[in-house]
1. Is there a pair in LYS16/LYS178; LYS108/LYS206; LYS16/LYS139; LYS35/LYS108 whose C-alpha atoms are over 28 Å apart, and which pairs would that be?
2. Once phi is turned into θ = phi - 60°, what whole-Hz ³J(HN,Hα) does the Karplus curve with 6.51, -1.76 and 1.60 give for every residue of the stretch 20-32, x standing for Gly and Pro?
3. Would you mind classifying the stretch 92-222 by shape? Square roots of the alpha carbon gyration tensor eigenvalues, ordered a ≥ b ≥ c; an a/c under 1.5 is rounded, otherwise it is prolate if a/b is larger than b/c and oblate if not.
4. The stretch 102-186: which GluC sites (Glu not before Pro) are DSSP loop and have at most 14 other beta-carbon atoms within 10 angstrom?
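Computed from the coordinates by the stated procedures, all read-outs in this text should not be read as laboratory data. This is a predicted model, so every value here is computed, not measured. With ideal geometry, Cβ positions are generated from the backbone for all residues, glycine too; neighbour counts draw on all protein chains shown.
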Amino acid sequence: MAVIIKSKGLGLLTDKGADANGIATLKSLGATISKDQSDSSFSIHIGVNTWKLIGGLASNPGGINQFVMGILTDVEAKNGIKAPAHAPEWAGGPSVPVQQVLPLRDAKALYQRVIGTSEGSVYVVVALSSESKIRVAAKIEHSMSLSVRVEGDGLAEEVVVATLKAQALTLKAKPTFKYMSGHYACNAEAPPNKVLGAILLGSGIKFDTPMPDLLKVVEGSA
């Protein structure tokens, strides 16, 4: 018999090494957990939808994060369940109109539209980290082309730069600031939402924001 743990019990995922960013998004969707007492498997429930993690995947962080990312991808692409539409405030700062286009290093809210490198290029904020002092933005073009940009004081730290380089981002410099960028050719097996999720989760950086809604990124960077 399975024991149901309410959404506050998603700490079980933390104990297993799941990324805090993914857990925050699951919480925002009202997710609950049921754990089978007979083995290490457990299930995540959102509305009438259920995803079960079994076997060895439940015993390592990589498997847990892959499982969480699969749920969020299904939620977005198949089940019509959406995360809250509002853009959460970051680090207690004031909300900023998402229509305003400004430098990424000055961004304070998820889904703000920010300036890219080329004239007229617009990205959308997808992650903010007060701990690592970086802001991450993305742009999706032609459905299968993903660009990612990172700015912030954290790029002065070698550890942060090395972590992002491992996700195929390149460090570049302007006269007054540094930034990192990466461009990814996606496909049906690895669409933009999965690639972006893999970059954010794979970086190991603690973000203050939940996983972004890719539809908002597409709309905002158009």
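1. LYS16/LYS178; LYS16/LYS139; LYS35/LYS108
2. In residue order, the calculated couplings are 4, 4, x, 5, 4, 5, 4, 4, 5, 8, x, 5, 10 Hz.
3. rounded
4. Sparse-neighbourhood loop GluC sites (Glu not before Pro): GLU119, GLU131, GLU157.
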